[in-house]
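The values are calculated or read from the model by the stated rules, or taken from the named source; none is laboratory data. Predicted model only: the values in this text are computed from it and were never measured. Positions of Cβ are generated from backbone atoms using ideal geometry, with glycine treated the same way; all protein chains shown enter the neighbour counts.
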Ligand code: C2O
Ligand code: CU
Ligand code: CU
């Protein structure tokens, strides 16, 4: 018996049956989790890893019985993981096999302008481009995604995202869970039709109610009864995940966008907006074999039946565990004194969709430089979301920043770490500081609910 996509619409005329049986999102926890493959370098030299990636159409098995057409890096949905080390260069040759422009941005990376994958500097259809990443920053869970102006939202939705896990001596020296006990979880959502094909419409968050983890619909994951590290990345276009464990056990959070936190903390619920990352430890050793533990999501849009559960951990036998969670994970540089303070207002019209999303009252204009920054200085930005009902989240390229205040209070939770993306609920204000001492050039900053940035909520800074 297959679940019918139009259950609940009994009596309505059915669309003409296609050649294949209708498919729908499978019941929760019926498919196993998979982990994206690690990309193999095509060439390795003393100081550089070279990779070749092809951007192209492919098929993914998202729901049983359907071959879903997706966009991929090297045929993998989501794309393969690049593993990099601080101080060691990565060079990626991206070949665009699509019939339209594409470009790849390393989210959270300190990248020179020529390799930033800027929205306005796409790889033309059929062409290639070489991206160089010097990896001069400390360890961080970075990710890559399409950034083509006006197409970024659809390209990301259709699958153009992959992890870029940058490590360094600090991270490696810690006794955190490693190897198969260190698992990336890319959280996203999608919308499928009754043939199991993706349906993309700009800004239709309410329709994207099929939750995916690493491209699999609400999977289960068999774990040993010991500690695991989970690297969470919200790669969805618009969806927030508000996560908790079904038995109420707090989550131990050890890292944020820009790498490990100074110290771990525990929280019953963790909120991750699009583009943000969180590093977690879950200790399954206290559960008897056979325990089923669900990572829940408590935020709409969508029917809680569909969006309320993300992944189920099926606890197996105990396994040896030498890992531990040090009370001190790393030290962070002091937050600089602000040389310049600026206001950034995020606003989007509440009705209708179109090009009606603004940063400081203006829609994105690639020919306009919105702010000029002197190299080496520290900027303080006061962000405000003046939308009545729509959340936004702010992301800037080039630097990691520090959140110095939220709604008049201090930053808490993972916002005490290095961040490159920060959430603002309607009416909220957040203060952040960043020191622009890496590359000079022109870089975008924008709302990372990418349907909003595609609609204009994006601007450009110039460091000189
Ligand atoms: Cu992850 Cu400009 O974006
Ligand atoms: Cu970015
Ligand atoms: Cu927004």
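The residues of the range 366-394 that are farther than 16 Å from residue 405 by Cβ and either without any contact (Cβ under 8 Å) to a residue 12 or more places away in the chain or assigned to a strand (DSSP E or B) (or both), listed by number, are 367, 371, 372, 373, 392, 393. The single condition from (1) outside any loop (DSSP other than H, G, I, E, B); (2) out of contact with any strand residue (DSSP E or B) (no Cβ under 7 Å at 6 or more places or on another chain); (3) more than 15 Å from residue 416 (Cβ to Cβ) that residue 262 fails is (3).
Condition check ((1) in contact with a strand residue (DSSP E or B) (Cβ under 6 Å, 6 or more places away or on another chain); (2) in a loop (DSSP other than H, G, I, E, B); (3) not assigned by TED's automatic domain parsing to the domain that holds residue 255) across all residues:
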residue: 94; (1), (2), (3): yes, no, yes
residue: 100; (1), (2), (3): no, yes, yes
residue: 118; (1), (2), (3): no, yes, yes
residue: 121; (1), (2), (3): no, yes, yes
residue: 129; (1), (2), (3): yes, no, yes
residue: 132; (1), (2), (3): yes, no, yes
residue: 135; (1), (2), (3): yes, yes, yes
residue: 138; (1), (2), (3): yes, yes, yes
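Residue by residue, here is whether (1) surrounded by fewer than 22 Cβ atoms within 10 Å (Cβ to Cβ); (2) more than 10 Å from ligand 3 (Cβ to nearest atom); (3) in the same structural domain as residue 377 (by TED's automatic domain parsing) holds:
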residue	(1), (2), (3)
419	no, yes, yes
428	yes, yes, yes
432	no, yes, yes
455	no, no, yes
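On the stretch given as the range 404-422, residues that are under 22 Å from residue 239 (Cα atoms), in a strand (DSSP E or B) and away from ligand 1 (no atom under 14 Å from the Cβ) total 1.
Looking across the range 150-161 at every residue that is over 20 Å from residue 67 (Cβ atoms) and within 16 Å of ligand 3 (Cβ to nearest atom), the one that is surrounded by the most Cβ atoms within 10 Å (Cβ to Cβ) is identified as 152. Determine whether residue 397 is in contact with a helix residue (DSSP H, G or I) (Cβ under 7 Å, 6 or more places away or on another chain), within 16 Å of ligand 2 (Cβ to nearest atom) and more than 18 Å from residue 335 (Cα to Cα). Criteria not met by residue 397. Taken as a whole, the range 29-48 holds no residue that is outside any loop (DSSP other than H, G, I, E, B), crowded, with 19+ Cβ neighbours inside 10 Å and more than 16 Å from ligand 1 (Cβ to nearest atom).
How many residues does the range 141-167 contain that are part of a loop (DSSP other than H, G, I, E, B) and either assigned by TED's automatic domain parsing to the domain that holds residue 418 or within 19 Å of residue 58 (Cβ to Cβ) (or both)? Looking only at that region, the number is 5.
Conditions tested, residue by residue: (1) more than 23 Å from residue 43 (Cβ to Cβ); (2) buried (at least 16 other Cβ atoms within 10 Å of the Cβ); (3) modelled with pLDDT of 95 or more.
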position	(1), (2), (3)
87	no, no, yes
93	no, no, yes
100	yes, no, yes
110	yes, yes, yes
113	yes, yes, yes
117	no, yes, yes
123	no, yes, yes
129	no, yes, yes
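Being more than 16 Å from ligand 2 (Cβ to nearest atom), touching a residue at least 12 places away in the same chain (Cβ under 8 Å) and within 16 Å of residue 424 (Cβ to Cβ) is a condition met by no residue of the range 327-340. Going through (1) in a loop (DSSP other than H, G, I, E, B); (2) in contact with a strand residue (DSSP E or B) (Cβ under 8 Å, 6 or more places away or on another chain) one by one, residue 313 falls short only on (1). Whenever a residue of the range 84-109 is without any contact (Cβ under 8 Å) to a residue 40 or more places away in the chain, its partners that are away from ligand 2 (no atom under 16 Å from the Cβ), lying with C-beta atoms within less than 6 angstrom and at least six residues away or across chains, give the pairs 99/125.
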